Amino acid sequence: MTQQQSYNGYQEQEPPLPSAVPQATENAEMVRVEQAVKRFGDLLVLNNVSMTVKRGQVVVIIGPSGSGKTTLLRCINHLEKIDSGYIYVDGQLVGYRLVNGRLVEAREAEIAKMRAQIGFVFQRFNLFAHMTALENIIEAPVHVLGIPRDEAIAQAMELLRKVGLEEKAHVYPHKLSGGQQQRVAIARALAMRPKLMLFDEATSALDPELVGEVLKVMRQLAEEGMTMVVVTHEMGFARDVADHVIFMDHGVIVEEGPPEQIFDTPQNERTRNFLGLIAAD
Amino acid sequence: MFDWDAVWKFIVSPFFLQAAWTTLWLSVVAQLAGVVLGLFLALMRMSRFKWLSFPVQVYVWFFRGSPLLVQVLLLWDGLPKLVPGLLFSQITCILIAFSLNEAAYMSEIIRAGISSVDPGQMEAARALGMRYWLAMRRIILPQAARVIIPPLGNEFNNMLKTTSIASVIGLEELTGTAEILGAPTFSIFELLIVATVYYLLLTTLWDYFQRWIERRLDPEYAAKGGRPGRRPGQKSWAQRVLGFGNPPLESGELIAGGHGGAR
């Protein structure tokens, strides 16, 4: 973490939030979603979803397939656009800006700059196939943040050590196992010094015996105080690591609360059914 | 009577060496222009904006749907009538027609190459804060190159031969030279043989060159018989063509300074 300072400059250039924006987030809030609505054609994927993630918090979103949890996550860094509502990350409107009281889609550069501060881990890893693990990790720091190459390499090696893959630095993704690829992908996201990490079913594409090594890295991150939003089917992880659990179904947040409440005394019928189904597996 | 002496005389003559050079550089310039223009057309074609993609569809429809010879004549004979005073030289006229025509074909080839890259690659690049052009240059195109380069080689082979069309407006490339030199002495047949020898020489050399590139690009893949999965050999193509790669692979020499990144 010795190089922290060089990246802070990047974050501090954020323009202040326009005062006219309704309910700007307090500083303690990392993510604020307000009445997000998202349609794919006729299908209502997000139906008036509101949620907040506090700084340093680990929020786990669970729910059946098609419940909208992945879409919600993707909207947070604008990989999907919401049709209405507001999403803020660290007090800043995501993907839009306010011009004369109206929301206008942000310029590409602004969106890119915002995304550079949000780590995203994909279900299918999406490592750059033509680059080694190390090259994958330094790519964005060098070409997006403009960090000197040797500095980026030093940092990348440190991150590879952290995820236990130092010896795989010069290996191409297709020679790595799924679990190793996902750990490299996490290191790649961390190399941007994100203030928020989003995990989209990061272990769903893995063979069962490889899930543990990825969850271990995620757990370690959570312990270090990283703000995380995690979409997962790993209920054990949710129960142990989450500060807050959100259960979604059919595009709405059905129930949310601390993990003990959601898992031990779920209030809602649908939550009970879902958890019952999972337990029956 | 077939005059062998004429063949021997002309095959080493400066006329044909000059003509072969004209054919070669015409092909190279038109191909390069076709690739560059084709890249932009491909990206426009893949845009989600109709006003960008539709004109490209029309463009490709026109240039692929009508003969190159007609396109050349339209530019050579037709344009000055349409715009009086606008008269291109033969070379300019040919280069424009050939580049525009080639761009139509290249745009489809490049589009196929880009489409072959997993969309997750672009998503990952965007999620890391990369902007469209940076992601294209650093992530998508190096991987698309694997798919683009073999048909690109074929296109260039075609281009070497298609330049013969330039002879109809009197350009002295190989075919034109054969006709012009052969007409007064009634030895067109002999000189066309000479031209054919040169065409075969050029295409054969290119063929060897293309194979050399492919061997050079793909040794690992060949040695190991590829890897299982959806995209075999992906690594070595993209990495070596554009100079990516880790030190032990000795990449980066082939395409000098293709990008500013890896060594």
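Could you pull out every one of the lysines with an alpha carbon less than 16 Å from that of A:K113, ignoring same-chain neighbours closer than 8 positions? Those lysines meeting the cut-off are A:K195. Counts of other chain beta carbons within 10 angstrom of each beta carbon in peptide A:125-138 average 6.
The calculated FRET efficiency for the pair B:I91 and B:D118, based on their C-beta separation and a Förster distance of 45 Å, comes to about 0.60.
Every Cα-Cα pair in the protein assembly as shown was counted, and those over 37 Å apart are 46% of them. Averaged over the residues of A:46-56, the number of partner chain Cβ atoms lying within 10 Å of the residue Cβ comes to 0.
Dividing the Cα radius of gyration of chain A by its Kirkwood radius returns 0.96 for Rg/Rh. Among A:D42, A:D240, A:D207, the ranking by other beta carbons within 10 Å of each residue's beta carbon, starting with the fewest, stands as A:D42, A:D207, A:D240. When restricted to Cα atoms, the stretch B:4-199 yields an Rg and a Dmax of 20.5, 70 Å, respectively. Sorted on the mean count of surrounding Cβ atoms within 10 Å across their residues, most packed first, peptides A:100-109, B:167-176 read B:167-176, A:100-109.
Averaged over the residues of B:114-121, the number of partner chain Cβ atoms lying within 10 Å of the residue Cβ comes to 2. The antiparallel fraction among DSSP beta bridges confined to chain A stands at about 60%.
Read-outs: derived from the displayed coordinates by stated rules, not from any lab. The structure presented is a predicted model; accordingly, all values stated were derived computationally and were not measured. FYI the Cβ positions are ideal-geometry reconstructions off the backbone, even for glycines, and counts take in every protein chain you see.
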